[in-house]
């Protein structure tokens, strides 16, 4: 008996206008919220139109898991996003690559994120954290408010540059923010262009578009120089091949191994592909980690008991942050639970858009080849069917004895993982074969920055413009608007 499938056109959804569809019903900076509202109104499967294109909206976590696991063979990132990136001059990395190119690069990138490599990067991360501490000490002594997101961007740029390039960028101790200034133009421009109704920049390029082109060229040139330097270091010191001290050298070594192990020699990893993945780490690693840290500090300040417990856990280590060991950071289970709860409530990637590569189905709905599927990643994460008091900040959900089963170990580098049932619903790093390869490194950065903060400072205040909750703003990643933090330096033995 043939199963009857529902058609996307028959699903509920918001009424739109001819030609432009629902375009006027969304605001780019709140686009994620607009679509989440439709999900609550019309259910876990709905349809809407942006311009002439009809999209299938999905917020059911089981369906999302099935869709994301069907990559890269059944679904890909949209051709539209890929075309916009190429037009901007961005070199595709594992984030934007598809098909065989993705499979080849994925092996290289995953090898570079091997736990043994992550452990080798720890001293570099510790050095950057101490620079952050020094910067915050100066602000505390001067009684100055800290612009939280730009400050954390400095930390993540320095951390990623050190880990990715083996380069000491040091924006934390300098007013020279050249790389950060260039990077900060690229992601917002990609998001703006991807969701623009008309490609106005092709017909009427303005000063901002010309500045963007200069920024992309400057970053590309810098990365090419870093790759050349890395190859020189590898050639001069064979020991570096056995234990690469940074991600760039690890990727080059892994890329060469991939080439040797690939039948027919078609698996060669070019410098262009290595460069694309370094750029991906810079862009993705800067925005996502910095914004998660900003949201986490905001939420902890608004929940004093959770903040107290995190502070006590860090200070119970009994060491100055200059002496932090990787095993000690791994032991901070409550702090990691706070990070997972932050990502459940404030995922910096609250949606993904994927495109069907073949005719398929999900939950009894026919999905023709070429259909764009809008994955509402936060839908079930804030649904009371899956999390009691879903809007409450309750980190204990991620520990044994909380709202779910006891956790299993995630990584020797990070210690306890989140509880499995909660992880199946909340997927801030995605799911399936294209799950974020840098997720463990991102958690390590988050825990390191927070442990440094809590070991040496008391948070006097974290405020948003107008008071209350911070506003969510979408600019490729979801960021808090205008958070400012005031610190008091901790008195020894207090």
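Every read-out reported here was derived from the displayed coordinates using simple, explicitly stated rules and does not represent laboratory data. Because the structure is a prediction, the values reported are computed rather than measured. Here Cβ is always computed from backbone atoms with ideal geometry, including for glycine, and neighbour counts include all displayed protein chains.
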>> Can you give me the C-alpha center-to-center distance between the range 27-45 and the range 287-329, rounded to a whole angstrom?
In response: 32
> In whole angstrom, how far apart do the alpha carbon centroids of the range 422-483 and the range 344-374 sit?
Replying inline: 25
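Eigenvalues of the Cα gyration tensor times 5, then square-rooted: what semi-axes does that give for the range 339-402, in whole angstrom, largest first?
For the range 339-402, the ellipsoid semi-axes come out as 31, 13, 9 Å.
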>> Modelling each spin label as a point 7 Å along the Cα-to-Cβ direction, I'd like the residue 242/residue 19 distance in nm, to one decimal.
In response: 6.8
>> Once you order the gyration tensor axes a ≥ b ≥ c over the Cα atoms, which shape class does the range 85-188 get: rounded for a/c under 1.5, otherwise prolate or oblate by comparing a/b with b/c?
In response: oblate
>> Out of all DSSP beta bridges in the chain, what portion is antiparallel? Express it as a percent rounded to 5.
In response: 85
> So what is the calculated 222 nm ellipticity per residue for the chain, using -39500 (n - 2.57) for each DSSP H run with n of 4 or more, over all residues, to the nearest 500 deg cm²/dmol?
Replying inline: -16000 deg cm²/dmol
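Determine the shape class of the range 51-102: with a ≥ b ≥ c the square roots of the Cα gyration tensor eigenvalues, call it rounded for a/c under 1.5, and otherwise prolate if a/b is greater than b/c, oblate otherwise.
Note, shape of the range 51-102 comes out oblate.
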>> How many angstrom lie between the Cα centre of the range 136-150 and the Cα centre of the range 102-118?
In response: 37
